Amino acid sequence: MKKIILIYFVPLFIVFSCLFLFSSKINSIFFYSKVNLTIDSSFKYLENFRNTPFYEDQFLTNNDSSETIFILGSSELTGNLEAHPFNFISRYFKTKIKGIGHAGNQCFSIYSQLLANENLLKNAPIIIVLSPGWFSESANGTSSSIFLEFNSSRFLNKIFQNDSIPQFKKYEAKRISSLYNEFSNPDLSIRMFFLENQSSKNILSKFFYFPIIEISKVLNTFNLELTDTKNKKTYIIERKSIVAESVKINWDSIFNISKQEQLNNCTNNKWYIDNEYYSKYTNGKTKMIDIVKGKNNQELKDFKMLLSLLKTKEVNASFIILPLNPYCYINSDELTPLINSLQNDILKNDFSCMNFWNTDTAKYDKGILKDIMHLSNYGWYKVDEFIIKKYKLLK
């Protein structure tokens with residue numbers, strides 16, 4: 001045994017230590033670079049966490065007076081519409097809503113963000129907006145570049161050091177490994193997940209990668225000691241009650257006015273989307289949506305693991321399923337079985353779901369979208385009503 005240690009472990013440790021201590025390039029990978037950004041302590045919406053500890057530490061926390069609801073999604077959260085929940089509901093209620101996400105922030109990215117904060121998940125009010133495009137054109141799943149925008153080394157280290165979630169940690173390692181070749185100079189946290197996945201393949205792999213993984217853990221612990229003392233502390237947040245208030249909202253009036261406003265913006269087309277968008281991007285050209293079968297649909301696999309995590313951790317979650325414009329996507333009905341399966345899985349896990357999906361132009365709620373896949377103010381007001389009822393914001 002001593003010979004194995006001397007021949008195998010010690011040289012590896014020396015080599016890694018020298019590289020770590022004396023290579024500026026490797027140090028730049030291991031250590032966090034400080035970025036000076038203006039911090040908005042009362043933010044309503046973030047495109048991503050900006051690799052900033054302050055915003056990461058605010059994720060899934062509550063405020064002084066009430067619970068905070070988080071809404072996660074992709075490009076549908078951008079654009080700063082007055083009806084976005086983090087604008088409309090936060091304006092009238094003590095319970096605030098914070099939005100996080102931009103284009104590409106799909107199921108695996110969200111899964112990883114939540115897994116990194118699994119100690120904050122129990123009873124956490126979280127809304128996830130599902131876009132049909134995730135499961136068709138983007139069925140390969142979250143890209144490596146988008147993943148890194150939302151999942152910093154801090155988040156990944158929290159997952160790696162957490163041994164209480166083995167099945168979810170294993171999936172994290174598997175998915176990171178599938179993206180590994182796309183990462184440019186992956187840092188130590190990414191490498192450790194890759195090595196863990198490689199070592200799990202068979203006994204020989206486990207034996208071969210064991211010393212490398214253990215040395216990586218030592219280096220990573222040293223890294224954390226120097227760069228992120230707060231990240232070492234794990235705590236369970238005490239969830240607050242959502243306070244019901246007496247706020248008068250005339251939904252009929254809001255719906256009628258916002259719908260008419262949207263229709264007034266759609267005078268040069270019969271697809272009920274904004275004039276400017278129609279002229280610039282669509283101009284009467286129809287589209288065929290990609291249909292990706294279940295076994296080849298990575299996004300669907302990621303969605304199922306996301307659901308499992310939410311169920312296991314008893315999250316107070318709900319989902320919004322968005323529509324596609326049926327005038328533009330002429331084969332959208334072919335995606336209906338998959339959309340139905342999403343809704344069924346959500347309901348089977350006892351989560352709430354607002355499903356906008358509709359492929360019948362005769363029944364299509366005209367004005368619900370401002371383009372071919374993003375909700376208008378009218379559509380978002382419908383979401384606001386759903387959220388207010390779901391989380392009992394009104395007395």
Among the candidates Ile242, Ile236, residue that is over 30 Å from Lys366 (Cβ atoms), in a loop (DSSP other than H, G, I, E, B) and modelled with pLDDT of 90 or more: Ile242
For Asn140, which of the numbered conditions (1) at pLDDT below 90; (2) out of contact with any Phe, Trp or Tyr (no Cβ under 9 Å at 6 or more places or on another chain) fails to hold? (1)
Looking at region 78-98, which of the residues that are part of a helix (DSSP H, G or I) and in contact with a strand residue (DSSP E or B) (Cβ under 7 Å, 6 or more places away or on another chain) is nearest to Asn63 (Cα to Cα)? Ser90
When you check Trp380 against the structure, is it over 19 Å from Gly79 (Cα atoms), at pLDDT 95 or above, of a type in the set (A, V, I, L, M, F, W, C) and surrounded by 15 or more Cβ atoms within 10 Å (Cβ to Cβ), yes or no? no
Considering only residues that are in a loop (DSSP other than H, G, I, E, B) and not polar (S, T, N, Q), look in region 151-176 and name the one that is surrounded by the fewest Cβ atoms within 10 Å (Cβ to Cβ). Asp163
I'd like to check which helices (runs of 4 or more DSSP H) are fully inside region 277-395 and have at least 3 residues that are among the aliphatic types (A, V, I, L, M) and under 18 Å from the mean Cα position of the chain (by Cα). 298-312
With more than 21 Å from Ala103 (Cβ to Cβ) and surrounded by 14 or more Cβ atoms within 10 Å (Cβ to Cβ) as the only criterion, which of Leu179, Leu195, Leu148 stands out? Leu195
Is it the case that region 349-372 has a residue that's basic (Lys, Arg), more than 17 Å from Asp290 (Cα to Cα) and in contact with a strand residue (DSSP E or B) (Cβ under 7 Å, 6 or more places away or on another chain)? no
Can you confirm whether Tyr378 is aromatic (Phe, Trp, Tyr) and farther than 30 Å from Ala116 by Cα? yes
Those residues of region 51-77 which are farther than 18 Å from Met373 by Cα, among the polar types (S, T, N, Q) and assigned to a helix (DSSP H, G or I), in sequence order: Gln58
When Ser318 is run through (1) in contact with a strand residue (DSSP E or B) (Cβ under 6 Å, 6 or more places away or on another chain); (2) closer than 30 Å to Asn268 by Cα, the failure sits at (2)
Taking region 69-84 and keeping only residues that are farther than 20 Å from Leu306 by Cβ and either in contact with a helix residue (DSSP H, G or I) (Cβ under 9 Å, 6 or more places away or on another chain) or buried (at least 20 other Cβ atoms within 10 Å of the Cβ) (or both), one is left with Asn80, Leu81, Glu82, Ala83, His84
Matching entry among Leu324, Leu310, Leu375, Leu338 (being under 20 Å from Thr68 (Cβ atoms), out of contact with any Cys (no Cβ under 9 Å at 6 or more places or on another chain) and either in contact (Cβ under 8 Å) with a residue 40 or more places away in the chain or among the small types (Gly, Ala, Ser) (or both)): Leu310
Could you check how many residues of region 279-289 are in contact (Cβ under 8 Å) with a residue 60 or more places away in the chain and either on the phi > 0 side of the Ramachandran plot or in contact with a Phe, Trp or Tyr (Cβ under 9 Å, 6 or more places away or on another chain) (or both)? 3
When the residues of region 54-68 are narrowed to those that are touching a Lys or Arg at 6+ places or on another chain (Cβ under 9 Å) and buried (at least 16 other Cβ atoms within 10 Å of the Cβ), which ends up farthest from Trp380 (Cα to Cα)? Glu56
Could you check, for region 120-139, whether at least one of its residues is assigned to a loop (DSSP other than H, G, I, E, B), within 20 Å of Ile176 (Cα to Cα), in contact with a helix residue (DSSP H, G or I) (Cβ under 6 Å, 6 or more places away or on another chain) and small (Gly, Ala, Ser)? yes
Which ones in region 345-374 are hydroxyl-bearing (Ser, Thr, Tyr) and either in contact with a Pro (Cβ under 9 Å, 6 or more places away or on another chain) or surrounded by 18 or more Cβ atoms within 10 Å (Cβ to Cβ) (or both)? Thr359, Thr361, Tyr364
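The values are calculated or read from the model by the stated rules, or taken from the named source; none is laboratory data. This one's a predicted model, so the numbers in the text were calculated from it and none came from an experiment. Note: ideal-geometry Cβ built from the backbone for every residue, glycine included; neighbour counts use all protein chains shown.
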